[in-house]
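Since the structure comes first, as structure tokens, the remarks are kept for the end.
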Amino acid sequence: MSSARPTAVIACAVFQEALRKRLSAEERAKVQFLDSGLHLVPANLKTTLQEALEGLPEPSRVILGYGLCGGGLNGIDAGVHQLVVPRADDCITLFFGSYEQRQNDFDKHPGSYYITPGWLEAGTHPLGEYQGLLEKYDEETALWIMGQQYQHYGRLVLLADSKAALEEYRPQAQEVADFCERWGMRYEERVGQRDYLDLMAAVITGETVSQDDFIVVSPGERLSLGHFDRRGR
């Protein structure tokens, strides 16, 4: 990578706490966090992220703290920048610590809904969505809408990168779990491996990128769905 390019970071706010613990004050100043709720509408995420890239003052090496996120990163134009992006479907893979860990859990427990400390902070979870719906609809209608989204999930998992974080956020997670009991969702907790988050912090500080875990997009190119495909790697 060219050392002449300054480093910039644009990341989902769900990583704010995780990166705060891993970066120096100088490195944290490079990070621009975007609203974690953007992933709910991938088209909005793409538009906002593209605008953030175009708003950078000079050609940079830009680390994106995102996975594919429902297709929200598909078609992102690097423009004058070099992009470095985790090769992950979404932020949950990063909190698990690796693609393999995420896939193993999915294979054992299909129908799982994961929440993280960052999502709890932002109110991006079923209870938060329900409270937002109550501003537009009556209770019966709001619950019906929520049921259409969540009735097929069987497990709600608080996923954090340390036991301390689990303990800190357990009360908030339990409120969400109590709400989700109406659909038969059982509550569990999981401490993910730290590997992927540590790797993302290392990439921000300028260490070598692993081509298995990160995508590098050259200036003038676009991110595509194919970049995230791990088959054959």
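The values are calculated or read from the model by the stated rules, or taken from the named source; none is laboratory data. From a predicted model like this one, the values you see are computed outputs, not experimental measurements. All Cβ positions, even for glycine, are placed from backbone atoms using ideal geometry, and neighbour counts span all protein chains on display. Quick note on the areas: whole protein, heavy atoms, side chains included, nothing else; ligands and nucleic acids left out. Shrake-Rupley method; radii C 1.70, N 1.55, O 1.52, S 1.80 Å.
General remarks:
- Those residues of the range 66-100 which are of a type in the set (S, T, N, Q) and over 16 Å from the mean Cα position of the chain (by Cα), in sequence order: 82
- Applying the set (1) in contact with an Asp or Glu (Cβ under 6 Å, 6 or more places away or on another chain); (2) buried (at least 23 other Cβ atoms within 10 Å of the Cβ) to residue 95 leaves exactly one unmet item: (1).
- Within the span defined as the range 38-47, every residue fails to be open to solvent by less than 60 Å² (accessible area, probe 1.4 Å) and hydroxyl-bearing (Ser, Thr, Tyr).
- Test: residue 18 is touching a residue at least 60 places away in the same chain (Cβ under 8 Å), buried (at least 17 other Cβ atoms within 10 Å of the Cβ) and in a loop (DSSP other than H, G, I, E, B): no
- Here residue 232 passes the criteria (1) at pLDDT 90 or above; (2) more than 15 Å from residue 94 (Cα to Cα) except the one numbered (1).
- Failed item, numbered, when residue 230 is tested on (1) among the basic types (Lys, Arg); (2) surrounded by fewer than 14 Cβ atoms within 10 Å (Cβ to Cβ); (3) within 30 Å of residue 146 (Cβ to Cβ): (3)
- Failed item in (1) in contact (Cβ under 8 Å) with a residue 40 or more places away in the chain; (2) in a helix (DSSP H, G or I); (3) under 16 Å from residue 193 (Cα atoms), with residue 103 passing the rest: (1)
- Filter result for residue 153 (in contact with a Cys (Cβ under 9 Å, 6 or more places away or on another chain) and part of a strand (DSSP E or B)): no
- Answer from 181, 175, 189 - the residue that is out of contact with any Pro (no Cβ under 7 Å at 6 or more places or on another chain) and without any contact (Cβ under 8 Å) to a residue 12 or more places away in the chain: 181
- Candidate set: the range 184-210, residues that are assigned to a loop (DSSP other than H, G, I, E, B) and closer than 23 Å to residue 30 by Cα; chosen: the one modelled with the highest pLDDT: 205
- Only one of the numbered conditions (1) open to solvent by 70 Å² or more (accessible area, probe 1.4 Å); (2) of a type outside the set (S, T, N, Q); (3) modelled with pLDDT under 95; (4) farther than 29 Å from residue 230 by Cα is not met by residue 165, and that is (1).
- Residues that are part of a helix (DSSP H, G or I), within 30 Å of residue 215 (Cβ to Cβ) and free of Cβ contacts under 8 Å to residues at least 12 places away in the same chain do occur in the range 108-130, at least one of them.
Each row is one residue, and each column tells you yes or no for (1) open to solvent by less than 10 Å² (accessible area, probe 1.4 Å); (2) at pLDDT 95 or above; (3) on the phi > 0 side of the Ramachandran plot.
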{"site": "110", "(1), (2), (3)": "no, no, no"}
{"site": "142", "(1), (2), (3)": "yes, yes, no"}
{"site": "153", "(1), (2), (3)": "no, yes, no"}
{"site": "172", "(1), (2), (3)": "no, yes, no"}
